[in-house]
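The numbers here are math on the coordinates, done by the rules we state, and not lab data. The model shown is predicted, which means the values in this text are computed figures rather than measured ones. A quick note on method: Cβ atoms are made from the backbone with ideal geometry, for glycine too, and the neighbour counts reach across all protein chains shown.
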Amino acid sequence: MPRKSDAKERLMNAAMDLIWENSYGSTSVDAICEKAGAKKGSFYYFFASKSELAVAALEADWQRKKARMDEIFSAAVPPLERLSSYFKHVYEGQTKRHGECGSVLGCPYCTLGCEIGTQDRAIGDQVHKILDRNARYFESAIRDAHAQGLIAAPDAKAKARMLVAFFQGCLAQARIENDVQPLRGLAAGALELLGARPARARK
């Protein structure tokens, strides 16, 4: 049996993969244990339920991605470039995953939140917490772009929420259609939504 710490990580990784690729409802504890290469006893040593595992897996997944988010949204990077780079990063990630499993999976957080968030408050709260963190990255970039005169967004928080809605809508469309093409124009669509002038006009 893997070391305890390794087994816990394996279980969280397996849960994220299976739930994202399929659904929370169709993913059993047995399937998670099988994919993780862990015994059921290990599962219940670390987690009281599948819900508790899902909450922990969501947080662990976010923490793994945080360093990349901090890099993309660094204050040293021009604000509109941060957003463009992020949406390019998402498109490339979704395209890679599509090549690996044959499906466009969309946002793991929003997908899980939509499926089970209203039925399981712990999962719903965790999803909300993570999506709020994402929105704050957008908000920071939008606030800086406004301060530099690149866009008109005196209420950066409201603009960020609007951008998140656009972004999540595109991800949902791509998942439903199983087609990455709706994500190809994310960056251009986001900048248009924010009222950013073309780069040539800003010079």
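Of the listed requirements (1) within 21 Å of Asn22 (Cα to Cα); (2) surrounded by fewer than 20 Cβ atoms within 10 Å (Cβ to Cβ); (3) touching a residue at least 12 places away in the same chain (Cβ under 8 Å); (4) of a type in the set (S, T, N, Q), Gln119 misses just one: (3).
Residues in region 78-97 that are over 18 Å from Phe166 (Cβ atoms) and crowded, with 17+ Cβ neighbours inside 10 Å: 1 in all. Between Ser42, Ser74, the distinction of being assigned to a loop (DSSP other than H, G, I, E, B) and not β-branched (Val, Ile, Thr) belongs to Ser74 only.
Checked against (1) in contact with an Asp or Glu (Cβ under 9 Å, 6 or more places away or on another chain); (2) over 18 Å from Met69 (Cβ atoms); (3) touching a residue at least 40 places away in the same chain (Cβ under 8 Å); (4) not acidic (Asp, Glu), Leu112 passes all but condition (1). Across region 77-106, the qualifying residues are those that are of a type in the set (A, V, I, L, M) and assigned to a helix (DSSP H, G or I), and the one among them that is nearest to the chain's Cα centre (by Cα) is Val90. Filtered by the rule that a residue be charged (D, E, K, R) and closer than 13 Å to Ala54 by Cβ, region 17-34 gives a lone residue, Asp17. For region 128-181, the tally of residues that are under 26 Å from His98 (Cα atoms) and not in a helix (DSSP H, G or I) stands at 3.
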